[in-house]
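The values are calculated or read from the model by the stated rules, or taken from the named source; none is laboratory data. Source: prediction; values computed, not measured. So basically every Cβ, Gly included, is an ideal-geometry build from the backbone, and we count neighbours across all protein chains shown.
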Amino acid sequence: MWAWVGACFGAVLACAEARADLPPVPVGVAEVDITPDYPTRMSGYESRKVEAQGVESRLKAKALAIGGDRARVVLVTVDNCAVPAKIVDEVAGRLKSKIGLGREDFAVCSTHTHSAPMLVGGIPFILGEPLPADQAGRLERYTKEVTDAIEKVALAAVQDRKPSHLDWGQGHAKFAVNRRLLKDGKWVNFGVMPDGAVDRSVPVLRVTSPEGALRAVLVGYACHCTTLEGNFTKVSGDWAGYACEEIERAHPGAKALVVVGCGADSNPQPRGKVEHARQHGAELAGEVEKVLKGSLAPVPATIQARFSRVDVPLGAPRTREALVEMAKGTGAPGYFARTHLERLDRGEDPAPPLKFPVQTWTFGDSLAMVFLGGEVVADYALRLKRECKPGGLWVNAYSNDVTSYIASKRMLDEGGYEVDHSMIYYDRHARLAPNAEDAIIKAVRDILPPAFLTPAP
């Protein structure tokens with residue numbers, strides 16, 4: 001026992017010595033409520049055909065601004081299924097004009113809750129049908145309000161900056177499980193795949209005042225925010241929102257922000273009830289408490305931000321004949337096919353390339369945050385962690401856009417929802433091409449500093 005205590009004390013002393021060499025960092029945090037006070041159609045499930053019927057938990061947009069005026073980054077988290085690139089780029093342009101913030105210095109991450117209002121341009125065919133004019137009008141209104149809220153909360157966080165210390169560590173939560181049931185190597189349905197790929201790491205960034213008071217916590221976890229299913233008709237932040245509530249309840253005055261990693265092929269278990277969402281939120285919050293009480297690594301204020309967009313290759317587009325046959329159907333496939341046929345008849349390109357945003361923030365050579373713009377499966381984070389500096393990588397998905405599902409090359413032969421079926425909801429004409437994974441990984445490696453990379457395989 002005393003050996004263990006001595007080891008812990010030594011780790012704390014080492015952390016304190018490293019902290020002594022790091023000056024305080026200007027950090028600001030802010031929050032805006034984005035819960036609508038009027039009915040809206042919610043994103044996430046085609047099966048849900050009604051507007052929201054009440055509020056189970058409030059939705060928030062939160063921001064964390066790190067760094068001084070010459071080197072600063074601003075992260076905004078939004079309780080929504082999919083904030084599209086059009087909104088992010090619009091706000092980025094406003095922030096560039098008002099405070100000179102570079103595009104590479106601004107990131108927006110969706111929590112991917114499936115119980116929040118749809119944003120115009122986000123997962124365009126998820127509702128499976130054109131909306132009545134009144135419902136469409138309310139979504140236009142909400143989209144404008146969220147766009148303004150993201151700008152407002154980002155500016156408020158920049159204005160709130162105070163000297164702070166940054167530290168980070170990692171924990172582990174168990175409620176994410178791989179959901180791709182396979183039979184004879186082929187996808188057959190959603191379920192629980194105990195041996196499937198999953199990333200259960202819980203990265204935590206702690207923000208404290210020079211006196212040691214907790215100001216903010218940024219938490220990551222790679223799991224779908226789908227505890228609440230298509231039969232649930234109230235607004236909710238799902239497990240991510242409840243995790244923030246638990247953390248903030250334990251630390252009055254501090255703000256908690258949740259970002260979602262590469263969990264597009266992971267579901268929370270158990271699921272289906274509000275108490276399950278609260279259970280998962282409590283589990284994540286409990287793991288955060290363990291990390292906060294442990295030995296964290298100091299994070300320097302030397303920030304380097306980079307941003308790029310990569311053309312992700314897709315397979316061959318559907319033929320007109322295939323679209324004509326598909327157009328006879330109902331729901332999202334029929335709606336998608338009829339829309340694409342109309343585009344063909346107007347002479348438009350029915351199959352635009354997938355423009356995939358990739359962003360990195362590095363803090364000295366201690367921590368690299370990667371932001372990927374889609375529903376990215378676990379294989380990508382696991383591969384990047386193999387190819388990058390051990391223990392120094394934090395991978396986020398659903399960032400700066402939610403372009404589509406991003407299946408890995410391994411999954412293409414398996415087929416199924418994440419590979420094929422889901423692409424219709426995102427207005428994609430085909431599955432990803434076999435070289436898509438390598439193109440995305442290369443794009444990340446191209447903008448990460450060499451200190452974070454191992455030699456390319």
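Could you list, in sequence order, the residues of the stretch 314-345 that are more than 20 Å from ILE126 (Cα to Cα), outside any helix (DSSP H, G or I) and without any contact (Cβ under 8 Å) to a residue 60 or more places away in the chain? Matches in the stretch 314-345: THR319 only. Within the stretch 147-155, is even one residue under 20 Å from MET118 (Cβ atoms), modelled with pLDDT of 95 or more and touching a strand residue (DSSP E or B) at 6+ places or on another chain (Cβ under 7 Å)? Looking through the stretch 147-155, at least one residue is under 20 Å from MET118 (Cβ atoms), modelled with pLDDT of 95 or more and touching a strand residue (DSSP E or B) at 6+ places or on another chain (Cβ under 7 Å). Is there a residue being in contact with a Phe, Trp or Tyr (Cβ under 7 Å, 6 or more places away or on another chain), farther than 30 Å from LEU448 by Cβ, not hydroxyl-bearing (Ser, Thr, Tyr) and not assigned by TED's automatic domain parsing to the domain that holds ILE150 anywhere in the stretch 329-339? Yes, because at least one residue in the stretch 329-339 is in contact with a Phe, Trp or Tyr (Cβ under 7 Å, 6 or more places away or on another chain), farther than 30 Å from LEU448 by Cβ, not hydroxyl-bearing (Ser, Thr, Tyr) and not assigned by TED's automatic domain parsing to the domain that holds ILE150. Looking only at residues of the stretch 130-172 that are touching a residue at least 60 places away in the same chain (Cβ under 8 Å) and among the polar types (S, T, N, Q), we find that the one that is surrounded by the most Cβ atoms within 10 Å (Cβ to Cβ) is SER164.
For the stretch 220-230, the condition holds for at least one residue, the condition being that it is hydrophobic (A, V, I, L, M, F, W, C), in contact with a strand residue (DSSP E or B) (Cβ under 7 Å, 6 or more places away or on another chain) and free of Cβ contacts under 8 Å to residues at least 60 places away in the same chain. Taking each residue of the stretch 43-68 that is assigned by TED's automatic domain parsing to the domain that holds LEU131 and looking for partners that are acidic (Asp, Glu) and assigned to a loop (DSSP other than H, G, I, E, B) with beta-carbon atoms closer than 8 Å, six or more apart or interchain, yields TYR45/GLU229; LEU59/ASP79; LYS60/ASP79; ALA61/ASP79; ALA65/ASP160.
Applying the criterion of being of a type in the set (Phe, Trp, Tyr) and assigned to a strand (DSSP E or B) to the residues of the stretch 150-200, the residue that is farthest from LEU22 (Cα to Cα) is TRP187. Would you call ALA297 modelled with pLDDT of 95 or more, in the same structural domain as LEU101 (by TED's automatic domain parsing), over 23 Å from the mean Cα position of the chain (by Cα) and among the small types (Gly, Ala, Ser)? Against the criterion (modelled with pLDDT of 95 or more, in the same structural domain as LEU101 (by TED's automatic domain parsing), over 23 Å from the mean Cα position of the chain (by Cα) and among the small types (Gly, Ala, Ser)), ALA297 qualifies. Inspection of the stretch 373-387 identifies no residue that is surrounded by fewer than 24 Cβ atoms within 10 Å (Cβ to Cβ), within 21 Å of PHE106 (Cα to Cα), assigned by TED's automatic domain parsing to the domain that holds ALA63 and of a type in the set (Gly, Ala, Ser).
Scanning the stretch 274-299 for residues that are in contact with a Leu (Cβ under 9 Å, 6 or more places away or on another chain), assigned to a helix (DSSP H, G or I) and aliphatic (A, V, I, L, M) yields VAL274, ALA277, LEU292. When GLY220 is tested against (1) assigned by TED's automatic domain parsing to the domain that holds HIS112; (2) out of contact with any Pro (no Cβ under 9 Å at 6 or more places or on another chain); (3) not aromatic (Phe, Trp, Tyr), just one condition goes unmet, and that condition is (2). Output the residues belonging to the stretch 173-183 that are without any contact (Cβ under 8 Å) to a residue 60 or more places away in the chain and either surrounded by 15 or more Cβ atoms within 10 Å (Cβ to Cβ) or touching a Cys at 6+ places or on another chain (Cβ under 9 Å) (or both). Across the stretch 173-183, the qualifying residue is only LEU181. Looking across the stretch 72-118 at every residue that is among the small types (Gly, Ala, Ser) and part of a helix (DSSP H, G or I), the one that is surrounded by the most Cβ atoms within 10 Å (Cβ to Cβ) is identified as ALA92. Residue check: is GLY334 modelled with pLDDT of 95 or more and surrounded by fewer than 18 Cβ atoms within 10 Å (Cβ to Cβ)? Judged against the criteria, GLY334 is a match. Taking the stretch 225-239 as the range and being in a helix (DSSP H, G or I) and under 10 Å from SER57 (Cβ atoms) as the test, only ASP238 passes. A single entry from ALA213, ALA250, ALA197, ALA256 fulfils the requirement of being buried (at least 24 other Cβ atoms within 10 Å of the Cβ) and either over 30 Å from PRO36 (Cα atoms) or of a type in the set (A, V, I, L, M, F, W, C) (or both): ALA256. I'd like to check something: does the stretch 301-312 contain any residue that is buried (at least 19 other Cβ atoms within 10 Å of the Cβ), part of a loop (DSSP other than H, G, I, E, B), under 24 Å from the mean Cα position of the chain (by Cα) and in the same structural domain as PRO84 (by TED's automatic domain parsing)? Taking every residue of the stretch 301-312 in turn, at least one turns out to be buried (at least 19 other Cβ atoms within 10 Å of the Cβ), part of a loop (DSSP other than H, G, I, E, B), under 24 Å from the mean Cα position of the chain (by Cα) and in the same structural domain as PRO84 (by TED's automatic domain parsing). Here the condition is being among the hydroxyl-bearing types (Ser, Thr, Tyr) and surrounded by fewer than 15 Cβ atoms within 10 Å (Cβ to Cβ); of THR319, THR339, it holds for THR319 alone. Within the stretch 408-415, one or more residues are under 19 Å from the mean Cα position of the chain (by Cα) and buried (at least 23 other Cβ atoms within 10 Å of the Cβ).
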